[in-house]
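Reading through the structure tokens given below for one structure.
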Amino acid sequence: MIDISGHLRNERRSIGYVDTSTPILVNCCGWQIFKSRDYIQKRSGGRLDYQLIYVYKGTGHYFLNGEWMSLSAGNLLLFRPWEPQVYSYFAEEKPEIYWIHFTGTECESIISKYNIQNCYIGENNSLKNLFRDIITELQLKKSLFEDIVINEFFQILITICRSRQQLLMPSENNFSIERLILQLNQKYMDKWTVSSMADYCKLGESYFAHTFKKHTGVSPMRFLNELRIEKARELLFSGTMNISTIASLVGYDDPLYFSRVFKKLVGIAPQNFQQNELRTNTPEWY
């Protein structure tokens, strides 16, 4: 059996620790591989803190709601304070398990925000590496290690949340939309249309428009216009170019059309925006 862990405190207690002085705090984190012998954990009264278990490889067996459940690789399990923890691992199934215990006054709201629950999220190598990084930080305890641990713990929660979302949405379409968004951010000045965007994603135009809005919350052209206008605001702020030049640089051949789009999204004409910014940000000399 390989059992590697890192702990916030030198003293260790089987019931863990509760801390009401901070929003969230990681008590300990560990990594276990069972190769030569079986293992069983019985905490009938649970612990004082929360525990998150990630089955990275093999299978884990957990006694939940009065019955045994077998969870294969890619499954996530959350135990709350005082919740009975009874589970076992069998060496022949070659389980590789990552776990983390945490406490604090805002645990429930954070769990809710990232939708952390018993679920399948798949085998995620980056998630494994985050657990290992936290273990290392808790072992070495270098300066500001507590901040790094919390930061990486939030990365774990975000990775879990995103993994669930990707499983609930068509991954291929998701990937093509994300690829397009990166392309638009680099080449927003090109002559994009809904049709050319759909072609880039290799999707039908109607289905693409629906999928894009579901992914971003806005239509494809609205997204592009907002991106272009944001770039235009930066150029207007510099005060070194006229409106026609700026319109051309961000992808609009017609300065009048650019002005209409700008006013619709920003609320004022680009000329007025530029004058207001220059007036506000120009220092006065006395």
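The values are calculated or read from the model by the stated rules, or taken from the named source; none is laboratory data. Just so it is clear, the structure is predicted and the values come from calculations on it, not from any experiment. Glycine also receives a Cβ, built like all others from the backbone with ideal geometry; neighbour counts cover every protein chain displayed.
Structure notes:
- Condition met for L52 (part of a strand (DSSP E or B) and assigned by TED's automatic domain parsing to the domain that holds D133): yes
- Selection from segment 14-73 of residues that are basic (K, R) and more than 20 Å from P84 (Cβ to Cβ): K35, R37, K57
- Complete set of residues in segment 155-166 that are of a type in the set (A, V, I, L, M) and surrounded by 14 or more Cβ atoms within 10 Å (Cβ to Cβ): I156, L157, I160
- Segment 1-27 - residue that is in a loop (DSSP other than H, G, I, E, B) and of a type in the set (G, A, S) and, of those, farthest from S88 (Cα to Cα): S21
- Subset of segment 59-72 [in contact with a strand residue (DSSP E or B) (Cβ under 9 Å, 6 or more places away or on another chain) and surrounded by fewer than 19 Cβ atoms within 10 Å (Cβ to Cβ)]: T59, H61, F63, L64, W68, M69, S70, S72
- Q166, sole failed condition from (1) in a helix (DSSP H, G or I); (2) in contact (Cβ under 8 Å) with a residue 40 or more places away in the chain: (2)
- Scope segment 19-43; condition of a type in the set (A, V, I, L, M) and in contact with a Lys or Arg (Cβ under 9 Å, 6 or more places away or on another chain); matching residues: I33
- Within segment 119-154, being among the polar types (S, T, N, Q), farther than 15 Å from S5 by Cβ and surrounded by fewer than 16 Cβ atoms within 10 Å (Cβ to Cβ) holds for N125, S126, N129, S143, N151.
- The set of residues from segment 225-242 being of a type in the set (G, A, S) and part of a loop (DSSP other than H, G, I, E, B) comprises just one member, G239.
- Candidates G58, G16, G66: the one that is at positive phi and modelled with pLDDT under 95 is G66.
- Residue in segment 193-200 that is within 30 Å of Q165 (Cβ to Cβ), exposed (fewer than 14 other Cβ atoms within 10 Å of the Cβ) and under 29 Å from the mean Cα position of the chain (by Cα) present: yes
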